[in-house]
1. For the stretch 51-83, enumerate the residues that are buried (at least 16 other Cβ atoms within 10 Å of the Cβ), of a type in the set (D, E, K, R) and assigned to a loop (DSSP other than H, G, I, E, B).
2. In the stretch 84-112, what residues are among the β-branched types (Val, Ile, Thr) and not in a loop (DSSP other than H, G, I, E, B)?
3. If I ask for residues that are assigned to a loop (DSSP other than H, G, I, E, B) and modelled with pLDDT of 75 or more, which ones from the stretch 20-46 would you list?
4. Would you confirm, using the coordinates I've provided, whether Leu59 is in contact with a strand residue (DSSP E or B) (Cβ under 6 Å, 6 or more places away or on another chain), hydrophobic (A, V, I, L, M, F, W, C) and at pLDDT below 95?
5. Filter the stretch 98-111 down to the residues that are of a type in the set (Val, Ile, Thr) and free of Cβ contacts under 8 Å to residues at least 24 places away in the same chain, then identify the one that is nearest to Met1 (Cα to Cα).
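The values are calculated or read from the model by the stated rules, or taken from the named source; none is laboratory data. None of these values were measured; they are calculated from a predicted model. Ideal geometry is used to build each Cβ from the backbone, glycine not excepted, and the neighbour counts take in all protein chains shown.
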Amino acid sequence: MKLITAIIKPFKLDEVHEALAEIGVNGMTSYDVRGFGRQKGHTELYRGAEYIIDFILKLKIQVAVADELLEDALQIISRAAYTGKIGDGKIFVHPITEVIRIRTGERGPNAL
């Protein structure tokens, strides 16, 4: 089992969600986050004053998948979140040692 953490542009959430649902990934958690990487923020104008936005609004999603779905899920997230512009995001993969469904007590891949 693996935990996929992806940082994506917020307007790409629906595309990523729908694409993952098509391969049977039904659970996802999303968070509004702010950060920067190579994009390094941008400049905006407000009431005639220019100011720098250092931290860009992004979306962090987390998806737990069985090992056999990992490569498909990574490809789908990469394709669905892609715009070709700087700031498309990153994907991280973490091992999961145990999962327990609280309601039923199921453990392991069946708990996903």
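1. none
2. Of everything in the stretch 84-112, those that are among the β-branched types (Val, Ile, Thr) and not in a loop (DSSP other than H, G, I, E, B) turn out to be Ile91, Val93, Ile100.
3. Ile23, Gly24, Val25, Asn26, Gly27, Met28, Phe36, Gly37, listed by residue number.
4. Answer is no for this residue.
5. Ile100
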